[in-house]
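Peer 1: Have a look at this one.
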Amino acid sequence: MQLQELNARFTEANSELSLCVACLNPSNCFNDFKLIRLAEFYPNEFSPVELMVLFDQLDSYIFDVQSNEDFSRLNGLTDLSKKMVETGRDKLYPLVYLLLKLALILPVATATVERVFSAMNIVKNRLRNRMNDQWLNKSLVVYIERDVFDGIENDTIMQNFQNMKTRRGQL
């Protein structure tokens, strides 16, 4: 039942992406074919030529990391990225490091998109259902980043609004 539930919630591409990201973890055995597949999920970041260079870098990187005892005690991708920067391997294997950064950014980017869609249901309610996209976008930014806007005084906002164009009344 759990497998059926997971299959219902995640597409095949999402499952494959998760498996590919797991191959970056140093506690797992690296699978360079899965890591190349992970890079293929990002065609804007990796050109076909860069994929071939990445394949060569992965061979050297995997041998280097597996033969170094400092990397054997790492717990996850965050520790791996810190250790790569500490040891200078981020410069030695730039495409591998880019792949690692993309894997670390993925959960945050996904959560941010989910957060925006949740906020859209709150902001675009029945009363505001006829607003145009530009107004909706601006309203969403203010709602989603409300912790930033809480630090701005209302007088500053009103003065800025007043200076945008001449108005009949003074705010």
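The values are calculated or read from the model by the stated rules, or taken from the named source; none is laboratory data. Just so you know, these numbers come straight off a predicted model, no measurement behind them. Here the Cβ is made from the backbone with ideal geometry for all residues, glycine too, and neighbour counts use every protein chain on show. Please note that ligands, DNA and RNA were not included when accessible areas were found on the heavy atoms of the full protein model with its side chains. Shrake-Rupley method; radii C 1.70, N 1.55, O 1.52, S 1.80 Å.
Peer 1: For Asp90, all conditions in the list (1) surrounded by 14 or more Cβ atoms within 10 Å (Cβ to Cβ); (2) assigned to a helix (DSSP H, G or I); (3) at pLDDT below 85 hold save one; what is the number of the exception?
Peer 2: Unmet condition: (3).
Peer 1: Which residues, taken from the range 93-102, are open to solvent by 60 Å² or more (accessible area, probe 1.4 Å) and not charged (D, E, K, R)?
Peer 2: Going through the range 93-102, the residues open to solvent by 60 Å² or more (accessible area, probe 1.4 Å) turn out to be 94, 101.
Passing the criteria: only Pro94.
Peer 1: Would you point out the residue of the range 3-54, among those that are outside any helix (DSSP H, G or I) and surrounded by 14 or more Cβ atoms within 10 Å (Cβ to Cβ), that is modelled with the highest pLDDT?
Peer 2: Here the residue is Phe46.
Peer 1: Which pairs turn up if I take residues in the range 90-109 that are touching a residue at least 40 places away in the same chain (Cβ under 8 Å) and within 14 Å of Leu54 (Cα to Cα) and look for partners that are part of a helix (DSSP H, G or I) and open to solvent by 60 Å² or more (accessible area, probe 1.4 Å) with beta carbon separation below 8 Å, at least 6 apart in sequence or on another chain?
Peer 2: Going by the 8 Å Cβ cut-off, the qualifying pairs are Leu95/Glu50; Leu95/Val53.
Peer 1: Within the group Ile105, Ile122, which residue is surrounded by fewer than 16 Cβ atoms within 10 Å (Cβ to Cβ), at pLDDT 80 or above and in a helix (DSSP H, G or I)? Working first, answer last.
Peer 2: Numbers: Ile122 fails: at pLDDT 80 or above.
The unique qualifying residue is Ile105.
Peer 1: Something else now. Which pairs do you get when a residue that is under 15 Å from Val116 (Cβ atoms), found in the range 132-159, comes within reach of a residue that is open to solvent by 70 Å² or more (accessible area, probe 1.4 Å), reach meaning Cβ atoms under 6 angstrom, with the pair 6+ apart or on two chains?
Peer 2: Val142/Phe149
Peer 1: Residues of the range 144-164 being part of a helix (DSSP H, G or I), open to solvent by 70 Å² or more (accessible area, probe 1.4 Å) and of a type outside the set (Val, Ile, Thr), which ones? Outline the logic, then answer.
Peer 2: Taking the range 144-164 as the starting set, the residues that turn out to be part of a helix (DSSP H, G or I) are 144, 146-149, 154-164.
Next, from what is left, pick out any that are open to solvent by 70 Å² or more (accessible area, probe 1.4 Å): 146-149, 154-161, 163-164.
Result: Arg146, Asp147, Phe149, Asn154, Asp155, Met158, Gln159, Asn160, Phe161, Asn163, Met164.
Peer 1: Can you tell me which residue in the range 55-76 is modelled with the highest pLDDT, limited to those that are open to solvent by less than 80 Å² (accessible area, probe 1.4 Å) and not in a helix (DSSP H, G or I)?
Peer 2: The extreme case among them is Asn68.
Peer 1: To continue, here is another question. Conditions: (1) open to solvent by 60 Å² or more (accessible area, probe 1.4 Å); (2) under 21 Å from Cys23 (Cα atoms). Asn137 meets all but one. Number of the miss?
Peer 2: (2)
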